[in-house]
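Every read-out reported here was derived from the displayed coordinates using simple, explicitly stated rules and does not represent laboratory data. On a predicted model such as this, the values are computed, not experimentally measured, just so you know. When we count neighbours, we look across all protein chains shown, and the Cβ atoms used for this are built from the backbone with ideal geometry, even at glycine.
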Amino acid sequence: MSDVQRYLLTVGPDRGKALDIAQDTAKRLESQQTSLIEVVQSLGEFINDEDATIRARTIDYLSQVVGQLPPTFLSRQQIQVLCQFLCDRIEDGGAIGGLRKLQGLGRFNQEMAITTFRALLEHFQDLQLRPQAQRLQILELLNDLMSKHRNALKDLGDQSVVGITDLVSGEKDPRNLMIVFSVLKVVMVEWEISGHAETLFDSVFCYFPITFRPPPDDPYGITAQDLKSRLRDCIAASSYFAPYAFPQLIDKLDSTSPNVKKDVLQTISACARTYSISTLSSYSVTLWDSIKFEILNVQEEDLAEEALVSLQAIAIRLSQGTESTDLKTPIARFLRPITKECNGQLREPQHKQAKPVGQILSALGIASPVAFFLIVKAVIPPLNTLYQDADGIGKQRALLEVLVQLLDSAIAVYGTPSIPAPTSTIENPLVPFKDRLFELSSQALMSTAADEVSFRVVALKALLKLCLLRKYLQNNEIGMAVQYFDEIVLLEDPSGKDDLKKEAIQALVELSKIKPDLIMNITFPAFMAKLPYSSPANNQDYLITLEGLAQLSVERFVSDTLIRRLLNRLDAVLQNDGSSAYPQAILSTLHYVLSQRDLPQDPNLQSYHEKLVVGLINRVVLASIGQNPMTALNEDTTLEILGRIATMIIRALDEHKQKSVALQVYSLFAEEGTFIPVPFRKDTPRLQRSTMILSTSLMAGVGKSMALQYTDVDNGSIQRLLAELVRLALAESVPPIRRTILRQIGLITNKFLPAQETKDVFDYLRNLISGLQETTTLSDNAVRVVFWEAKGLVLRLAQIEEVLSRLLWLLSDHSCGVASARGFGLLLAPDEIISKENGANIRLLAKQKVFNICIPIIAKDFRNAETSIKPNYLIALSGILKYTPTEVIMQELDILLPLLLQSLDLEDSDVKAATIQSLSIISQESPKAVEGHMGSLVSRLLKAASDPKTNSTSVRHNALRCLRVFPGRVKDSTLLPYKNTVVRGLLGVLDDPKRGVRKEAVECRAAWINMDEPQSE
Amino acid sequence: MSEVLNANPTIRNASDLPSRRRQGNGQSSKTPSGLFATTVPSSAYIPDPFLPPSSDSDESSGDDDSVEPIDEQEIYDLISPISDPEHPLTLGSLSVVNLPDIHLTPTFPEKGSASPLTTLTVLITPTITHCSLATVIGLGVRVRLEQALPPRFRVDVRIKEGTHSTAEQVNRQLGDKERVAAALENGTLLGVLRKMLEGCENLET
């Protein structure tokens, strides 16, 4: 049996095996066991078979054999023969495949390409009657010829233009069209097509606009966008198309579909980018006349944007290669009607159609220096006149806004001092108007009634842009602007309207980047002079000044000066009595300024440490033992701010310095014999106990490997210090001091305790806990100690299961159950001292672990608990959920939901608010989970939203938020039975005493009212 | 809505519309400045979980007692984001609804109860005197207010005197409960109304 016979028998059932047979033949050809002639002859009896399938398979066999041969195996003559052979039988399936393989061979020449091409044209005039797959193959062959043998086809000239357009016309399949478009684009770009422009154009434009929508499973991976961009490339391929393209595109701009309009505009932009300048120029005004409608009568924002892009594309193209400001250039002729229209619209600057004028001018102004020049010359003088004659501030504001937009394009064209733009020989056309524009915006800003805030904001923007424009204002003029901005920040009436102040500070910040010296010399002294030397009564104006100073200190030498001056001012202020709010604000400013610096690299770090940490702490300590006068520094709140500064600076210190700080965490840099540290001491006065706040922050700042005071080799172990801190905490009754001692316990357990000692600390903790359960009168302080210590262990995942199970036992305790339940809210809460930044041991899995360990136990114990202590479990649950990531919560919904629903019946408003929060998240993330509970959810949430006497504002607020989540997420059929209940139930809430709650109720009610209405369109 | 009746109306700038913040009695400016608040980690504000909630002394509990009555500004905030059926612009920015044209009058002022019956009158100003959409706009305002206000309010929406050629006729239509109800049965009209009210919902979140 010959190979071809075997092939024909196998290819039906097993194509893979058949291909092996073809490969066999190829191998034998290669090793010269058989010859090409023999192979072709062997086809003889099948190639003329009546059955088209057999004929096709026979040719396919030959094609496969050719495909398996090495690229240089066949001689030119052999290829020639095969090519002719296949072309003769081109209509038989398989021939196209063979030709595709042949044409890829190096010896396939131009003549053969032409033969093949002609055979295609001749035999496939009925192409569109054939099935898609065959058409695709033919088009692919055409595409191959186009890319490999382009010159051969090109030499055919008109013949190939007409041939190809005829061949592909009527194609409808998106896969085939992708090829058709790319083949045609080559013809359009590379062939001489002047005689066939219309035919070619029509052959592609008939597909415009593309409305193809890929089938849902999208098997081909072709999107409408793919087709649109290929088609667009064709339409934009040649200037010859302009006479056909523009009129038809403009026509299609009247479409009612926004998608079509968008496509049209994008196509116009594409044409503008590629058509020749002279061609584009003859349509530019017509285009403007049609496109402007989309901008002036804006219906859809993004269409207007698109239209602006088109105008800009035209302007960019028309100004290419010209620096001439002559009025006869294409760009000038394009811009003339535009500036005329804009000037006309600006006569009524508050009308709707005047609004986009600024956008048009700005988009076109950015296009090129020439365009900007022409626009400014045409628009600025009338704008100035209109502004002068305007009969109201509203009008002036609208005109100023246009100016601001023009200045934006000026900056885009000419740059700022820090961002230079490409150079142009055209002088900035705004130069002749410099004095007028400066005067106009200065006056608008400074000589307008103070309550015209929005007008002045625009004026301020204009003035700022003038200052930012490169090579425009003189230094002294910018200096005046800076003074104006200063004045606004410092002098304006601070009653409520701080929009302008914010803008002014922002402007100064901008200017500080390009003109730091002006800020240093003008703004700084002015601001410092406004800071009082003693705490003002009942007046916080200094805050704005301090905020301004802080934001302006971007440059290092500016912030150095600021830090020095603020410290001096703080000194002075502390000497006078008065509210502590002012010195605290100064400290906060210092904190802010330092936090903006890269402290570890800061050359002044050492001096910050000495002045701010050691210096200020010294003052506190000396005052606490009566050697210095008491000041605002000694107040607990001030100490916390000072502590934050200290932590930040110490974190940046090198290891050596940190070591010495660590050894003074309790003696606080005091000289020996003056201040006696708080630990290991009895009956310490309150003022001195407050210094523990500072000890905590020093401890937070040093690295975890440092030996703390009292834990270094000579002085004892960490555990001894911990025990002492526990003693202090148990006895402490002043809340801020107690909290700081508790934090130290947590921090030491978590950060400084060596891993091998966690077991001992756990044992200690266990004893504390059993102590709690035995005695009935133990103070809340003991519960606090237990939970802070537990927090330290849990976060580092040390003995976590034992710790948590001990803590969970406490929930059933009658005396300390409630306090313990609340303690669970502490375990995972973020803490500013026990934090990653401070080197605490916070393991990623801690939250998930706590959740996974606690939830099953809580669920089980809750079921078996006495009624009176059941709430404890729910409170603990809410404390854990508050800080558990949503993904983790979602894993246990079945257990959680019943518990959460019961929590809603508790009276505790914190727990209720937190529960509703969790429920909202669950409903949002997994609406299916709550479907089954809709009835009880709706009635409980309505109850929580209603009664302002029992439910706090935040509970009511959250309940409404949660209720609003359901419509749209949960199936309508599930919600419908409750619709009336909710809509009626919320009627009362519409009269809630709180505005925020009412607002939420209105929204929630609207969502339920509209829920089952069909969505519009 | 095939033809736009007033293609080029005057527009007020959003920042110039009356808002509560602008009228403010400086309440918000008393809280510590925004910039330095960033120096305090948010965790510092988490209340001590051991303290029972009733005793927490922060401002929220103090706030809970004060009553914020429904005032004209609140009514304005409810209706000004409604969009015009002709333009993608709000009734507020087109000055169709204006704060001074909203009036709240207690029905029995002498009684002084906590939630008195109140009559609310809203006067709307069409952008042009022959605007045939005035009725639709009035209807939109009315529907919004009826959905958003508690039942003790009597809502009266009218065309402002001298701003419309057929004001009387429109007012009669808007005041007639049955005609309003009938209008709301009309599917097309309902579609237009829903589109107008869409803007109100998104603003809040």
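Distance from the C-alpha centroid of the range A:132-172 to that of the range A:366-391: 53 Å, rounded to the whole angstrom.
Charges on Cβ only, +1 for Lys and Arg, -1 for Asp and Glu, centred on the Cα centroid of the protein assembly as shown; of A:933, A:667, A:359, which one is farthest towards the dipole's positive end? My answer, from the dipole projection, is A:667. Relative contact order of chain A: 4 percent, from C-alpha pairs under 8 Å at least 6 residues apart in sequence. Cross-link reach is defined here as a Cα-Cα straight distance under 18 Å, omitting same-chain residues fewer than 8 places apart; for residue A:870 the lysines meeting it are A:860, A:912.
Each of residue A:198 and residue B:130 was given a label point 7 Å from its Cα along the Cα-to-Cβ line. The distance between the two points is 4.5 nm. Within the range A:954-970, list the residues whose amide N lies under 18 Å from a label point set 7 Å along Cα→Cβ of residue A:907. Residues passing the 18 Å test: A:955-956. Among A:668, A:466, the order by Cβ neighbours within 10 angstrom, fewest to most, reads A:668, A:466. Compute the angle between helix A:224-235 and the longest alpha-carbon principal axis of chain A, please, reported from 0 to 90 degrees and rounded to the nearest 10. Value to nearest ten degrees: 50. Dipole magnitude for chain A: about 1660 debye, using +1 per Lys or Arg Cβ and -1 per Asp or Glu Cβ, origin at the Cα centre. Extent along the principal axes, Cα only, for the protein assembly as shown: 115, 87, 72 Å, with the longest axis given first.
Give me the distance between the Cα centres of the range B:121-160 and the range A:273-340, rounded to whole Å. A separation of 43 Å, based on Cα centres.
Distance from the Cα centre of the range A:660-715 to that of the range A:785-853, in angstrom? Computed from Cα coordinates, the inter-centre distance equals 26 Å. A compact globular protein would have a Cα radius of gyration near 2.2 N^0.38 Å; the ratio found for the range A:885-1017 is 1.00.
Of all beta bridges DSSP finds with both residues in the range B:72-202, what is the antiparallel percent, to the nearest 5? Bridges in the range B:72-202 that DSSP calls antiparallel: roughly 50 percent. Counting only alpha carbon atoms, the long axis of helix A:52-68 and the longest principal axis of chain A meet at about 70°. Within the set of other residues whose C-beta is less than 10 Å from the C-beta of residue A:350, count the net charge using Lys and Arg as +1 and Asp and Glu as -1. Taking every other residue near residue A:350 into account, the sum is +4. Other residues whose C-beta falls under 14 angstrom from the C-beta of residue A:79 contribute a net charge of +4, scoring Lys and Arg +1 and Asp and Glu -1. The modelled label-to-label distance for the pair residue B:117/residue A:324, using points 7 Å beyond Cα in the direction of Cβ, is 8.2 nm. Across the range A:581-675, the mean sequence separation of Cα contacts (distance under 8 Å, 6 or more residues apart), normalised by length, yields a relative contact order of 38 percent. Taking every DSSP beta bridge that has both ends in the protein assembly as shown, the antiparallel portion is near 55%. Between helix A:355-367 and chain A, what is the angle of the helix's C-alpha long axis to the longest principal axis, kept within 0 to 90° and rounded to the nearest 10? It is inclined by approximately 70 degrees. Amide H to amide H distances under 5 Å link residue B:124 with B:158, B:159, B:160, where only residues 5 or more positions off or on other chains count and H is placed in the peptide plane. Kindly write out, for the range A:422-439 in residue order, the coupling ³J(HN,Hα) from the Karplus curve 6.51 cos²θ - 1.76 cosθ + 1.60 (θ = phi - 60°), rounded to whole Hz, with x marking Gly and Pro. Computed from phi, the couplings for the range A:422-439 are x, 6, 9, 7, 7, 5, 4, x, 7, 3, x, 9, 3, 4, 5, 5, 5, 5 Hz. Local charge for residue A:415 was computed over the other residues whose Cβ lies under 13 Å away, with Lys and Arg +1 and Asp and Glu -1, and equals +2. Within the same chain, lysines fewer than 8 places from residue A:101 are excluded, and of the rest, those with a Cα less than 25 Å from its Cα are A:17, A:27, A:148, A:154, A:185.
Working from Cα pairs under 8 Å separated by at least six residues, relative contact order for the range A:885-1017 is 23 percent.
Once both labels are positioned 7 Å from their Cα atoms along Cα-to-Cβ, the gap between residue A:581 and residue A:436 label points is 4.9 nm.
Normalising the Debye intensity of the range A:814-920 to I(0), with uniform scatterers on Cα atoms only, and taking log10 at q = 0.14, 0.22 Å⁻¹ returns -0.54, -1.24. Legend: P(r) of the range A:160-283 from all alpha carbon pair distances, 10 Å bins from 0, whole percents, reading 13, 45, 34, 8, 1.
For residue A:657, a cut-off of 20 angstrom between C-alpha atoms picks up these lysines, skipping any fewer than 8 places away in its own chain: A:611, A:704, A:751. Kindly identify the range A:695-824 as rounded, prolate or oblate by the Cα gyration tensor criterion: order the square roots of the eigenvalues as a ≥ b ≥ c, call it rounded if a/c is under 1.5, otherwise compare a/b with b/c, prolate if a/b is larger, else oblate. Prolate, because a/c is 1.5 or more and a/b exceeds b/c. Residues in the range A:171-178 carry Karplus couplings, in order, of 5, 10, 7, x, 5, 5, 4, 4 Hz; the curve used is 6.51 cos²θ - 1.76 cosθ + 1.60 with θ = phi - 60°, and Gly or Pro positions show x.
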